[in-house]
Amino acid sequence: MTAGEQAEGPYVVGIDTSTQSTKALVVDVATGRVVASGQAPHTVTTGAGRESDPRQWWGALLSALEQCGPFARQAAAVSVGGQQHGLVTLDAAGEPVRPALLWNDVRSAPQARELVERQGGAAWWAERTGSVPGSSFTVTKWAWLAEHEPEAAKAAAAVRLPHDYLTERLTGEGTTDRGDVSGTGWWAAGPETYDEEILGLVGLDAAKLPRVVGPGEVAGTVRGDALPFARGTLVAAGTGDNAAAALGLGLRPGTPVLSLGTSGTVYAVSPRRPADPSGTVAGFAAAHGDWLPLACTLNCTLAVDRVAALLGLDREAVEPGGALSFLPYLDGERTPNLPGASGLLTGLRHDTSGGQLLQAAYDGAVYSLLDALGLVLDGEGDENEPLLLIGGGARGRAWQETVLRLSGRPVRVPEAKELVALGAAAQAAGLLTGEDPAAVARRWDTARGPLLDPVAKDHETLARISGVLSDAAPLLEGTPVTD
Ligand SMILES: Nc1ncnc2c1ncn2[C@@H]1O[C@H](COP(=O)(O)OP(=O)(O)O)[C@@H](O)[C@H]1O
Ligand SMILES: O=C(CO)[C@@H](O)[C@H](O)COP(=O)(O)O
């Protein structure tokens with residue numbers, strides 16, 4: 001807050017515990033002004049798996065809040081948004097049995113395939129849970145753990161998602177919410193309950209799962225004095241990071257969002273419950289009613305930054321031209337569903353420049369997201385409606401220009417940087433004021449930002465990438481990742 005600016009209070013805290021870091025914002029409920037903020041990094045294992053120690057998330061949360069100075073302890077309510085799907089296993093004392101298996105760990109791809117085949121096929125899963133589970137989904141990670149580390153699975157007295165783990169450390173109660181639970185693969189989207197049949201299939205007792213807190217309900221209160229908040233501070237349900245960003249943007253049905261972070265995601269709010277048997281669209285629930293059809297890629301900002309580093313180029317040093325196609329599947333891929341794939345480059349010539357190669361990596365990363373946009377919107381929305389571009393990558397010129405050229409749509413880049421944390425803050429604010437959190441965000445005008453005019457759609461590049469994807473299908477199957 002700058003000198004002379006008057007916050008009216010009360011304050012709320014919104015937290016985003018995502019793959020690479022935890023961010024905290026202290027926000028003034030009346031105006032939406034961010035009065036203090038903090039951020040602290042996480043580490044993620046490399047190699048075959050992607051794992052993080054949940055205790056490190058808690059340490060990062062404390063550090064991010066410490067950076068907020070005295071404001072966090074003045075907050076009246078707090079909420080945690082977090083990376084989706086991660087499998088957190090806790091022992092009877094509430095300590096992690098082992099590091100969490102993250103959403104971008106593809107080792108459970110064989111378990112995903114087997115679960116879909118054994119139980120009803122893709123259409124059955126899509127109708128029953130909203131999604132066809134791939135290796136990102138918690139249910140496949142639990143099946144992997146039970147098969148590869150049965151002792152760890154047996155030792156798990158409680159099973160949580162990342163945002164549940166942090167919320168529980170604040171309140172002492174095991175809770176989750178409608179948005180994040182919808183990405184587990186063991187939540188039935190019709191009746192909106194845990195699915196006993198699926199839990200039976202993977203040998204998981206529902207008693208080990210958290211209570212699902214309903215939209216607008218309180219998850220609990222801060223339980224102790226040694227915590228970064230005052231005892232008795234209200235704790236909201238929290239939610240998955242994409243559902244939190246949807247709240248943070250005050251999203252209405254039909255407006256598409258493209259998020260460029262560790263994951264690339266494309267989504268919209270919809271009143272209709274999605275059930276895409278192709279598995280491209282995950283049929284998540286939105287945090288406060290409605291649905292959140294979403295497609296997600298594993299290779300986004302980290303993959304493109306890695307290509308820039310390999311070339312020794314700045315991430316903005318792209319050049320036009322050339323006829324390259326680069327599928328930057330450095331981590332395997334989820335959309336399209338190719339968990340065993342690796343990066344694939346075609347069209348290299350003597351006169352290809354490094355900048356053209358880098359541009360091709362951006363094109364490959366953005367292609368998959370835009371290709372899924374039609375399925376995500378499923379006939380809702382208007383072609384001329386601006387895409388909302390968010391996430392760390394949205395700050396980059398090369399990302400913005402690639403999205404403009406490959407979508408042919410206008411693009412709006414909200415000025416607010418931390419939309420997940422803002423969405424969590426709006427959820428916490430809603431507890432105090434009784435408002436719908438999306439309405440809180442609209443009142444705060446969080447989606448405000450420059451509108452970039454559309455440019456002619458680059459059909460040639462889109463067709464070239466699409467051709468390589470189908471021609472190279474056997475190569476992209478790759479080999480399953482094992483440890
Ligand atoms: N100015 C920028 N231009 C392009 N990319 C950026 C910029 N700033 C950050 N990034 C990218 O944003 C990513 C982090 O985005 P973020 O949405 O915070 O990730 P996550 O929430 O998945 O941890 C980094 O991997 C980095 O590559
Ligand atoms: O798996 C998904 C969505 O289904 C990812 O979007 C994760 O939720 C990770 O988010 P970021 O750390 O990239 O924000």
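Each of Glu127 and Asp91 was given a label point 7 Å from its Cα along the Cα-to-Cβ line. The distance between the two points is 4.4 nm. Using a cutoff of 8 angstrom between alpha carbon atoms and counting only pairs six or more residues apart, the relative contact order for segment 34-114 works out to 35 percent. Counting 0.36 nm for each residue step from Ser21 to Ala48 and taking away their Cα separation leaves a gain of 7.6 nm.
Each part reduced to its alpha carbon centroid, segment 295-326 and segment 32-110 end up 28 Å apart.
Relative to the Cα centre, the charge distribution of the chain, modelled as +1 at Lys and Arg Cβ and -1 at Asp and Glu Cβ, gives a dipole magnitude of about 520 debye.
At R0 = 56 Å, how high is the FRET efficiency between Leu451 and Lys208 if r is their beta carbon distance? Nearest 0.05 is fine. E(calc), rounded to 0.05, equals 0.75.
Between Arg349 and Arg272, the contour length at 0.36 nm per residue exceeds the alpha carbon distance by 23.0 nm.
Mind running the shape call on segment 246-389? Use the C-alpha gyration tensor, a ≥ b ≥ c as the square roots of the eigenvalues: rounded below 1.5 for a/c, prolate if a/b tops b/c, oblate otherwise. Could the numbers behind the result be given before it?
Details: a/c = 2.38, a/b = 2.02, b/c = 1.18.
It is prolate, given that a/c is not under 1.5 and a/b is the larger ratio.
For segment 199-310, how big is Rg over Rh, using alpha carbon atoms and the Kirkwood form of Rh?
Working: Rg = 17.9 Å, Rh = 16.9 Å.
A ratio of 1.06.
Entry note, the chain: the mean residue ellipticity at 222 nm calculated from DSSP H runs of n ≥ 4, each adding -39500 (n - 2.57), is -10000 deg cm²/dmol after division by the residues and rounding to the nearest 500. Cβ-Cβ distance of Arg395 and Thr31, R₀ of 25 Å, FRET efficiency by 1/(1 + (r/R0)^6): the value works out to about 0.55. Residues Val222, Val13, Val80 in ascending order of nearby Cβ atoms (within 10 Å, fewest first): Val222, Val13, Val80.
Dividing the Cα radius of gyration by the Kirkwood radius, what Rg/Rh value follows for the chain? Rg/Rh: 0.95. With R₀ set to 22 Å, the beta-carbon distance separating Glu173 from Glu196 gives a calculated FRET efficiency near 0.45.
The Kirkwood radius of segment 23-76, taken over pairs of alpha-carbon atoms, gives through the Stokes-Einstein law at 10 °C and 1.306 mPa s a diffusion coefficient of 127 µm² s⁻¹.
Work from the charge dipole of the chain (Cβ charges, +1 for Lys and Arg, -1 for Asp and Glu, about the Cα centre) and give the residue of Gly321, Asn242, Leu25 farthest towards its positive end. Value: Leu25. Can you give me the C-alpha center-to-center distance between segment 266-288 and segment 415-449, rounded to a whole angstrom? Measuring centre to centre over Cα atoms gives 21 Å.
Neighbour counts of C-beta atoms inside 10 Å place Leu451, Leu324 in the sequence Leu451, Leu324, starting with the fewest.
How many percent of DSSP beta bridges within the chain run antiparallel, rounded to 5? Before the final figure, lay out each step's value.
Numbers: 45 of 64 bridges.
DSSP beta bridges in the chain are roughly 70 percent antiparallel.
Once the convex hull of the C-alpha atoms of segment 415-483 is built, how many Å³ does it hold per residue, rounded to a whole number? Walk me through the numbers before you get to the answer.
Numbers: hull volume 13.5 nm³, N = 69.
Hull volume over Cα atoms, normalised by residue count, gives 195 Å³.
Each reported figure results from applying straightforward, stated rules to the coordinates on display, with no laboratory input. Quick caveat: nothing in here was measured; it's all calculated off a predicted structure. So basically every Cβ, Gly included, is an ideal-geometry build from the backbone, and we count neighbours across all protein chains shown.
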